[in-house]
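Encoded as structure tokens, the structure appears first; notes follow it.
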Amino acid sequence: MVGEAAAHPYEVIRPNLDTFRFSEVKRTVTIGTVLSSSILKRVVRHGLRPAARKRAVADGMVDGFEHLGPLFVKLGQLIASSPGTFPREFADACLRCLDDMKPFPAAEAKAIIAAELGKPISELFREFDDVPLSAASMAQVHGCVLADGRPAVVKVQRPDIARRMIVDLRAALRLAQAMEKRSENARVANASGMVRDLYEATVAELNFLIEADNQTRARANLAAFGDNTNVAVPEVYWDYCAPRVLCMERMRGLPLDRFDDIRAAHPEPELLIRRLVKAWMESVAVHGLFHGDVHAGNLWLLDDGRVAMLDFGIVGRMENEWRDFVRALFYASAIDNDFRPVARALRALDLVSDDSGDDATIGRQLAVALGPVLSGSLDKLDLGVVSARLLEFGKRRGASGPQQLILMGKQLGYFERYAVALAPGWKLGKDLYLFRNIFPDEVAAKAAEAGTGMPTD
């Protein structure tokens, strides 16, 4: 995850990940036992042939994740969203982790809300639904009506989740380090690095005020150009927020991956996707703060025809130099096919050494490597491929990899899935509409020259 915790006015509690006491030792033994027994059960049942054994091991691992609780379910979600990084059987098995978790009792949710906000439930809400709308690894969401009559939803953190997840992270780190000593696959996948990344994401997510701030900023950024009126981010109700409670405007609709229902409900599903990706691209290339978890549960077609981005617990932050790189990349793709500015942006990021050749030479090499990928239809635009090619490009010159692209690339992978179903053949890298607010003068000139019309919103 790309982030800048110091940019937030709210505290991120950062317990030492390398601490290892009796509770962590005990939990490590439990984790090892649960995973081993879950895998063994599956292998005994289904693992007679090599292919079946691979699937059985993957399914057994995920059985263990589900038994071990929220942190491991979250780890499964991370693996499911990065299929190119892990064996296919394992990534596919982890798709189970995207399902809702078992909710905790409404009485506990109400007790947490009352403790965090300092008032009884009866004073805070006119109505409160005991049955949650959804239950995830860290929190669950209840429908409610505020005391002043506004319909809302309130997200409540699971009881004692912070302590449990930190203990699990410490234990998982030790297990990952042990696996890396014994397994080439674990070393290649950088298992310990993944746990550390999960730690960074988790400590930020545990303070819901940070999420509320992210969401408020994203909502303001969305309105900055005045033309994203068909894309929505719910308003945060700050008087009802605390570190373990987040309350916001209630929105009604259906998840974006219900493709048949989306096509039936919206007359122009391709325009729907274009509007969404346009707003998201602006968040990456102009504002720097972007939604970092755009799976279908967080993207909805609303009953009023708008598309909404929900849940800002995971965000990315593009620093200025990385924004320069992203803008240069898409300017070359959409406007002039000149990759020399991309080469200059790579130099600014120390991804190209001084003896690698001039900008024109590097630009030609980038055009060969990336041009066909960026100019094709979205079902062929794989930012994982772009990242991999940049990594290869950098390695040939002794440069480090473009880590800031990883989170961005994952989100474009989600958009790819929606576009294949709802906007087949759409070419993201060539769609001037997406870049109207990123390169306004150039887009206007190019659209006029080509006689290309664009949506007004």
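The single condition from (1) touching a Cys at 6+ places or on another chain (Cβ under 8 Å); (2) open to solvent by less than 20 Å² (accessible area, probe 1.4 Å); (3) of a type outside the set (A, V, I, L, M) that Phe128 fails is (2). For the range 442-457, residues that are closer than 18 Å to Asn337 by Cβ and among the acidic types (Asp, Glu) total 2. Scanning the range 279-297 for residues that are part of a helix (DSSP H, G or I), in contact with a strand residue (DSSP E or B) (Cβ under 8 Å, 6 or more places away or on another chain), crowded, with 21+ Cβ neighbours inside 10 Å and not hydroxyl-bearing (Ser, Thr, Tyr) turns up Ala279, Trp280, Val284.
Table: residues versus (1) assigned by the TED database to the domain that holds Met61; (2) part of a helix (DSSP H, G or I); (3) free of Cβ contacts under 8 Å to residues at least 12 places away in the same chain.
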site: Arg170; (1), (2), (3): yes, yes, no
site: Arg187; (1), (2), (3): yes, yes, yes
site: Ser192; (1), (2), (3): yes, yes, no
site: Asn221; (1), (2), (3): no, yes, no
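Checking each residue in the range 303-336 for being farther than 22 Å from Arg274 by Cα and in a loop (DSSP other than H, G, I, E, B) picks out Gly313, Ile314, Glu319. Between Ala171, Ala204, the distinction of being farther than 21 Å from Gly313 by Cβ, open to solvent by less than 50 Å² (accessible area, probe 1.4 Å) and out of contact with any strand residue (DSSP E or B) (no Cβ under 7 Å at 6 or more places or on another chain) belongs to Ala171 only.
Looking at Ala114, Ala52, just one residue is without any contact (Cβ under 8 Å) to a residue 24 or more places away in the chain, open to solvent by less than 60 Å² (accessible area, probe 1.4 Å) and assigned by the TED database to the domain that holds Ser36, and that residue is Ala52.
For first residues located in the range 64-77 and over 18 Å from Glu89 (Cα atoms) and in a helix (DSSP H, G or I), partners that are open to solvent by 10 Å² or more (accessible area, probe 1.4 Å) and of a type in the set (Ser, Thr, Tyr) and lie 6+ apart or on another chain with Cβ distances below 7 Å form the pairs His67/Ser38. Take the conditions (1) under 17 Å from Gly288 (Cα atoms); (2) in a helix (DSSP H, G or I); (3) touching a residue at least 60 places away in the same chain (Cβ under 8 Å); Ala201 misses just one of them, which is (1). With respect to the conditions (1) more than 22 Å from Leu71 (Cβ to Cβ); (2) open to solvent by 10 Å² or more (accessible area, probe 1.4 Å), Leu146 falls short on a single one, namely (2). Would a scan of the range 36-55 turn up a residue that is modelled with pLDDT under 90, under 19 Å from the mean Cα position of the chain (by Cα) and not acidic (Asp, Glu)? No, the range 36-55 contains no residue that is modelled with pLDDT under 90, under 19 Å from the mean Cα position of the chain (by Cα) and not acidic (Asp, Glu).
The requirement of being of a type in the set (D, E, K, R), closer than 24 Å to Ala135 by Cβ and surrounded by fewer than 20 Cβ atoms within 10 Å (Cβ to Cβ) is not satisfied by Glu211.
State whether one or more residues within the range 157-166 are farther than 26 Å from Leu17 by Cβ and under 29 Å from the mean Cα position of the chain (by Cα). No: zero hits.
Exactly one residue among Asp59, Asp129, Asp63, Asp160 is modelled with pLDDT of 90 or more, among the acidic types (Asp, Glu) and on the phi > 0 side of the Ramachandran plot, and that residue is Asp160. Just checking, how many residues over the range 431-452 are over 15 Å from Val286 (Cβ atoms) and either loosely packed, with under 15 Cβ neighbours inside 10 Å or free of Cβ contacts under 8 Å to residues at least 24 places away in the same chain (or both)? Qualifying residue count, the range 431-452: 8. The single condition among (1) more than 25 Å from Met138 (Cα to Cα); (2) under 31 Å from the mean Cα position of the chain (by Cα); (3) not acidic (Asp, Glu) that Gly32 does not meet is (1).
If you take the residues in the range 17-29 that are of a type in the set (A, V, I, L, M, F, W, C) and in a helix (DSSP H, G or I), which one is farthest from the chain's Cα centre (by Cα)? Filtering first and then ranking leaves Phe22.
Does any residue of the range 91-108 turn out to be in contact with a helix residue (DSSP H, G or I) (Cβ under 7 Å, 6 or more places away or on another chain), part of a loop (DSSP other than H, G, I, E, B) and of a type in the set (A, V, I, L, M)? Checking the range 91-108: at least one residue is in contact with a helix residue (DSSP H, G or I) (Cβ under 7 Å, 6 or more places away or on another chain), part of a loop (DSSP other than H, G, I, E, B) and of a type in the set (A, V, I, L, M). Residues of the range 245-269 that are open to solvent by 70 Å² or more (accessible area, probe 1.4 Å) and under 22 Å from the mean Cα position of the chain (by Cα): Arg252, Arg258.
In summary, Cys144 fulfils each of the numbered conditions (1) part of a strand (DSSP E or B); (2) closer than 29 Å to Ser23 by Cα with the single exception of condition (2).
In the range 398-440, which residues are at pLDDT 85 or above and among the small types (Gly, Ala, Ser)? Across the range 398-440, the qualifying residues are Ala419, Ala421, Ala423.
The values are calculated or read from the model by the stated rules, or taken from the named source; none is laboratory data. If you're wondering where the values come from, they're calculated on a predicted model, not measured in any experiment. Glycine gets a Cβ as well: all are built from the backbone with ideal geometry, and neighbour counts include every protein chain shown. Calculation scope for accessible area: heavy atoms of the full protein, side chains included, ligands and nucleic acids excluded. Shrake-Rupley method; radii C 1.70, N 1.55, O 1.52, S 1.80 Å.
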